[in-house]
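Here is the structure we will look at.
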Amino acid sequence: PYYQGRDKAVVSTQSTGKAVELISSQCDVDFIDLNVGCPIDLVFNRGAGSALMDKANRLEQILTGMVQCSDVPISVKMRIGTSDSKLTGLSLCERLKNTGISHITVHGRTRQQRYTKHADWDYIRRCKEAADPITLFGNGDVLSYEDYNTNLAAAHGVMIGRGALIKPWIFKEIKEQKHWDISSTERMEIVQRFVRYGLEHWGTDTSGVEKTRHFLLEWLSFLHRYIPVGVLEVLPQRINQRPPYYQGRDQLETLMCSDNAQDWVKISEIVLGKVPDAFNFVPKHIANSYN
């Protein structure tokens, strides 16, 4: 929801309100979340995503309008700031809690940091205090039940993003409070389930197959980063730890740990058949594929 300004598109209070009215009346949703954490240049340069963190008045107006237009709770997700010199998360939590939103989620890095350095959970803890009495969730660097347990003390709850892409069974581990040494066969069953959902949604014609393949390959750009528990020398695996080269315990496990995008294509061919002639895949998150 943008309107075109003199030099760039900016987020419109009116258009976000209309979008919220449409979603809350036509869709079966539990809540609507405004993403003020996106660091991508294309979004930021249009005045959206994390750019709104430097526009406190506009952000406050947008969220107030969204609350007034919605039949379901409204929430907001943001970072701790746009740069180390603009850590606005704390002041925004104090301000936005009065807009009527139900909860806030804070990712413990700035836009400038993207996913480098470690998430600042101490800053998240301070945001929780500033947001009182509304609920605040923390986000960043959670890839094990130990990470979850440690960071839960800093927030009312924990949101998991990349950790769930790398290790979708992380929620099972948190619930059972133990590591799951999942086999390559079990991991492939999860991939097959993902593909089945894609084909059910997009169809089994050529277009549906290739759409499913595209999203599968993007997911594999994260999934390959998982290091099996039985291979790790020290538990738990850390999310910013670049996986070392290792030999899997079987051929499939070795294939699934490859950081080469062409091997991800091979996995897609196992479950979706041969790729079309002249097929080429470049990951959206290019940093996840390296030689």
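A few remarks follow.
- Enumeration of residues in region 205-228 that are farther than 17 Å from residue 270 by Cβ and of a type in the set (Val, Ile, Thr): 206, 227
- One residue from 287, 278 being over 16 Å from residue 182 (Cβ atoms), assigned to a helix (DSSP H, G or I) and modelled with pLDDT under 95: 287
- Selected residue (only one of 132, 141 is out of contact with any Leu (no Cβ under 9 Å at 6 or more places or on another chain) and under 11 Å from residue 158 (Cβ atoms)): 141
- Total residues in region 133-152 satisfying the condition of being surrounded by fewer than 18 Cβ atoms within 10 Å (Cβ to Cβ) and in contact with a Lys or Arg (Cβ under 8 Å, 6 or more places away or on another chain): the figure is 1.
- Residue 56 being crowded, with 18+ Cβ neighbours inside 10 Å, within 25 Å of residue 126 (Cα to Cα) and without any contact (Cβ under 8 Å) to a residue 60 or more places away in the chain: no
- Of the listed requirements (1) over 25 Å from residue 139 (Cα atoms); (2) more than 20 Å from the chain's Cα centre (by Cα), residue 197 misses just one: (2).
- Lone qualifier among 117, 128 - being surrounded by fewer than 18 Cβ atoms within 10 Å (Cβ to Cβ) and out of contact with any Ser or Thr (no Cβ under 6 Å at 6 or more places or on another chain): 117
- Which listed residue is outside any strand (DSSP E or B) and farther than 30 Å from residue 240 by Cβ, from 71, 122: 71
- Per the listing 274, 266, the residue uniquely surrounded by 12 or more Cβ atoms within 10 Å (Cβ to Cβ) and without any contact (Cβ under 8 Å) to a residue 12 or more places away in the chain is 266.
- Checklist (1) in contact (Cβ under 8 Å) with a residue 24 or more places away in the chain; (2) within 16 Å of residue 195 (Cβ to Cβ); (3) over 19 Å from the mean Cα position of the chain (by Cα) applied to residue 216, failing item: (3)
- Lone qualifier among 269, 253 - being in contact with a Pro (Cβ under 8 Å, 6 or more places away or on another chain) and over 25 Å from residue 115 (Cα atoms): 253
- Close pairs from region 234-247: first within 17 Å of residue 145 (Cβ to Cβ), partner open to solvent by less than 90 Å² (accessible area, probe 1.4 Å) and among the polar types (S, T, N, Q), Cβ under 8 Å, at least 6 apart: 235/144; 236/144; 237/144
- Answer residue from region 63-90, given it is within 19 Å of the chain's Cα centre (by Cα) and not small (Gly, Ala, Ser) and is most open to solvent (accessible area, probe 1.4 Å) among those: 77
- Scope region 149-173; condition assigned to a helix (DSSP H, G or I) and over 16 Å from the mean Cα position of the chain (by Cα); matching residues: 149, 150, 151, 152, 153, 154, 172, 173
- Taking residues in region 1-24 that are among the β-branched types (Val, Ile, Thr), and partners anywhere that are modelled with pLDDT under 90 and outside any strand (DSSP E or B), the pairs with Cβ atoms closer than 6 Å and at least 6 places apart or on different chains are 16/1.
The values are calculated or read from the model by the stated rules, or taken from the named source; none is laboratory data. Keep in mind it's a predicted model, so treat the numbers as computed, not measured. Glycine gets a Cβ as well: all are built from the backbone with ideal geometry, and neighbour counts include every protein chain shown. Each accessible area value is taken on the protein alone, full model and side chains, heavy atoms only, with ligands, DNA and RNA left out. Shrake-Rupley method; radii C 1.70, N 1.55, O 1.52, S 1.80 Å.
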